[in-house]
1. Near ASN67, within a Cβ-to-Cβ distance under 11 Å, what is the net charge of the other residues, with Lys and Arg +1 and Asp and Glu -1?
2. Points 7 angstrom from Cα along the Cβ direction at PHE9 and GLN24: gap in nanometres?
3. For LEU121 and TYR34 in one chain, what is 0.36 nm times their gap in residues minus the Cα-Cα distance, to one decimal in nm?
4. Over what distance in Å are the Cα centres of region 65-92 and region 4-45 separated?
5. Tally up the carbon and sulfur contribution to the accessible surface of region 1-87 as a whole percent, 1.4 Å probe, everything protein left in place.
6. Where does the charge balance sit around ASP80 when Lys and Arg score +1, Asp and Glu -1, over other residues with C-beta under 13 Å from its C-beta?
Amino acid sequence: MVSFVNPVFLILPYLRKTQQTFNQLDSILDDEEYPDIMRLILCKEMDEIKHLCDCKDSDGLSVFRYNASKTMSWLQRRVDHLAANMKQMAFKLFSSAHAASFVKQKRTAEQDSDTSDYVRLACGIVCSYLPDDLQRNLEDQFGIQAKSVEDEIPKPALKKSKTEPAPATSPGAATVEDSPSDAKKPKMTRAQKSLQKVDKSGMKSLTNFFTKKQ
């Protein structure tokens, strides 16, 4: 599956380097290691740069300077727009398998919780394109507290202890281990069982053949 990525996210690290001075866009994107980044200038989404930067136009020449406050407002709008779209898509998918009236009543009762869930999800998606410091700032704007890895891993349930005090016994009483009758007898083979059924009357024991003759 391929999804569209706004190219503004790709040039955002370059824009952040121009916080002090105004520069032309081709100068901002000048990168010897990744020269193809310059091709993004042709994208129509480059018009959104004015929402992230302070802009000046003079004699047909446009220059830009990164503005952190504008960028944060633009990112918040991206999150809100994405959350609204996901919520609408989820409503359509959910209502296709249930009665529309039932779905609308249920979603109205859970509207607040659903909205916060979609915002959290949308914020996570947008943050995946941002550096760490912008991620934290954007999460703070929505009051989202990042969860640690330990919080995400479910903890195993505590097992009940199997150790129980042994029942008291009187001195001299036979225990299970001491009782020979309860000892497990070895299983007999089929040949041994057949031999037991043979009439042994008049038959000498095998040991008689090895005794010293008188």
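The values are calculated or read from the model by the stated rules, or taken from the named source; none is laboratory data. The shown structure was predicted, so the numbers you read here are calculated from the model rather than taken from an experiment. All Cβ positions, glycine included, derive from the backbone under ideal geometry; neighbour counts span all protein chains shown. Surface areas here come from the heavy atoms of the whole protein model, side chains and all, with no ligands, DNA or RNA. Shrake-Rupley method; radii C 1.70, N 1.55, O 1.52, S 1.80 Å.
1. +3
2. That separation, rounded to one decimal, is 3.0 nm.
3. That pair, LEU121 and TYR34, stretches by 28.2 nm at full extension.
4. Spelled out, the Cα-based centre of one part sits 21 Å from the other.
5. Summing carbon and sulfur atoms, their accessible area is 50 percent of the total for region 1-87.
6. After counting each charged neighbour, the total is +4.
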